[in-house]
Amino acid sequence: MYSRDQASQIKQAFWTAFGQYIAPQSSADGLRINWINYKTGIKHLYFKMQADKKSAFIAIEITHPDPGIQELVFEQFKELKAVLTASVGEEWDWELHHVDENGKTISRIIKTLPNVSVFNQTDWPALISFFKPRIIALDDFWSVGQYSFEVFK
């Protein structure tokens with residue numbers, strides 16, 4: 001078992017390693033980008049990557065406090081589902097009004113990698129191989145799809 005500080009340091013080391021690994025990759029628009037803290041330009045809309053002791057996930061998260069607006073954004077993603085699926089090359093899980101680990105209601109489109117641990121350094125290559133193509137694919141999707149979300153800015 002790790003102390004809170006140790007756990008934080010290990011996670012930070014992983015995300016630093018991932019950031020260095022993906023840094024040379026340009027965005028779909030040819031720009032330099034912070035892949036770990038991806039900015040969609042839409043308030044309450046995030047591309048989130050997370051790894052813990054049991055699994056990892058990458059998700060499009062809609063965190064607007066108004067469930068009605070959250071649902072509107074989610075429905076807009078549904079309109080673009082074929083484009084998103086073509087970009088990521090696989091089916092993701094669609095969760096409207098999911099309650100997250102903090103008790104907050106969010107909506108998300110998510111892909112999970114089970115049975116990996118950020119605390120096991122031998123899992124890091126699998127984590128990187130999971131995150132890298134998917135965040136690049138999300139960026140590819142967003143370079144085209146973002147214009148459908150201008151109304152939510």
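Here, each number is a calculation from the coordinates, and none is a lab measurement. Bear in mind that the values here come from a model prediction, so they are computed numbers and not experimental data. Note: ideal-geometry Cβ built from the backbone for every residue, glycine included; neighbour counts use all protein chains shown.
Points worth noting:
- Under a Gaussian network description of the chain, with springs only between Cα atoms under 10 Å, the residue in V73, V88, V99 that fluctuates furthest is V99.
- Close amide H contacts of I33 (hydrogens built in the peptide plane, cut-off under 5 Å, sequence separation of 5 or more or a different chain): S27.
- Dividing the summed -39500 (n - 2.57) terms of all DSSP H runs of n ≥ 4 by the residue count of the chain sets its mean residue ellipticity at 222 nm at -13500 deg cm²/dmol.
- Remark: relative contact order (the range 45-153) = 33 percent; criterion is Cα-Cα distance under 8 angstrom and separation of 6 or more residues.
- Overall form of the range 106-153 per C-alpha gyration tensor (a/c, 1.5; a/b vs b/c): prolate
- Using the Cβ of A51 as centre and a radius below 15 Å, the other residues enclosed give a net charge of +4, where K and R count +1 and D and E count -1.
- Choice from T122, T85, T63 showing the highest fluctuation, given a GNM over the chain with Cα pairs closer than 10 Å: T122
- In the chain, taking the dipole from charged Cβ atoms about the Cα centre, the farthest positive-side position among H44, T122, A86 is held by T122.
- Diagonalising the gyration tensor over the Cα atoms of the range 1-99 and scaling each eigenvalue by 5 before taking the square root yields semi-axes of 27, 20, 13 Å, largest first.
- Debye intensity ratio in log₁₀ form over the Cα atoms of the range 47-153, taken at each q of 0.10, 0.15, 0.18 Å⁻¹: -0.30, -0.66, -0.92
- Net charge, T40 excluded, C-beta distance under 11 Å - Lys, Arg +1, Asp, Glu -1: +2
- Only Lys, Arg (+1) and Asp, Glu (-1) charged, at Cβ; the chain dipole about Cα centre in debye: 440 debye
- Prolate/oblate/rounded label for the range 43-101 (Cα gyration tensor, a/c 1.5): oblate
- Total formal charge among the other residues, if their Cβ is under 11 angstrom from that of R108, Lys/Arg +1 and Asp/Glu -1: -2
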